[in-house]
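Have a look at the structure below before the remarks.
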Amino acid sequence: MVELFVGTWTLLSSENFDEYMKAIGVGFATRQMGNMAKPNLVISVDDAGMVSMKSETTFKTTEIKFKLNEEFDETTADGRKTKTLITCENGKLVQQQTWEDKKTTLEREIQDGKLTAKCVMDDVVAVRIYEKGA
C-alpha cells in the first residue's frame, strides 16, 4: 500500500499552511521560511519494510525512517520532539504527532495522480498538494 506513495513529489500548492504552523506553535521566523520553502518530498521503502520520508528544501532537509504501526520519536523540522505513529488507513498514510498534551494529524493520499497532504490541528486545516517528478 505504501508503494503508491514511493517517489519524488514537488510541492504544487499550499493552502492555510501559515495558520496551521501557528496552531502547532511555530514561531514567526520559522513560519516565514516554511511559507517560502517549496519542498520536495521523497518517499522510499527498503526490503525490510522500513519507510523513509525525506523533505528537501534549500533551507533544510529532514528525514524520518519508520515502520507502519510502530511509534517512534521524531524531531520535526520546526524542532518539536514528538511521539509519532504512522498507519495506513483507507488508502491514506496517517501520521499522528503528539507532544506536550497536543496532537496533530497529517493525512497523505493520492488523488488524481497527485499527493494531497491534509494537516490538522484542532479546527485548523491546511492542504498541500504535490505532483510526482519525472
**OP:** Keeping the other protein chains in place, figure out the carbon and sulfur percent of the accessible area of region 3-132, with a 1.4 Å probe.
**Re:** 47 percent
Original post:
How large is the helix-only mean residue ellipticity at 222 nm for the chain, computed as the sum of -39500 (n - 2.57) over DSSP H runs with n ≥ 4, divided by its residue count, in deg cm²/dmol to the nearest 500?
Top reply: -3000 deg cm²/dmol
Original post:
Among [x] 15.1; [y] 22.1; [z] 15.7, which is the computed Kirkwood radius over Cα pairs in Å?
Top reply: [x]
Subject >> Hz values of 3J(HN,Hα) by residue in region 96-112 - Karplus curve (6.51, -1.76, 1.60), Gly and Pro given as x >> reply: 10, 10, 10, 6, 6, 6, 10, 8, 10, 10, 10, 10, 10, 8, 9, 9, 6
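Taking N as the number of residues in region 55-111, what is its alpha-carbon radius of gyration divided by 2.2 N^0.38 Å?
Compared with the compact-globule rule of thumb, region 55-111 sits at 1.17.
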Subject >> Accessible area expressed per residue, region 3-132, with surrounding protein chains retained (probe 1.4 Å, Å²) >> reply: 56 Å²
Original post:
Assigning unit charges at the beta carbon (Lys, Arg +1; Asp, Glu -1) and nothing else, what dipole magnitude in debye, to the nearest 20, does the chain show about its Cα centre?
Top reply: 300 debye
**OP:** List the relative contact order of the chain as a percent without decimals, with contacts defined as Cα pairs under 8 Å and 6+ residues apart.
**Re:** 26 percent
Subject >> Which of 43, 72, 110, positive extreme of dipole for the chain (C-beta unit charges) >> reply: 43
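Please compute the net charge surrounding residue 109, taking Lys and Arg as +1 and Asp and Glu as -1 over other residues with Cβ under 13 Å from its Cβ.
Neighbour charge sum, excluding residue 109 itself: +2.
The values are calculated or read from the model by the stated rules, or taken from the named source; none is laboratory data. Everything numeric here is computed off the predicted structure, so don't read it as measured data. Neighbour counts run over all protein chains shown; Cβ positions are idealised from the backbone, glycine included. To get the accessible areas, we keep the full protein, side chains included, count just its heavy atoms, and leave off ligands, DNA and RNA. Shrake-Rupley method; radii C 1.70, N 1.55, O 1.52, S 1.80 Å.
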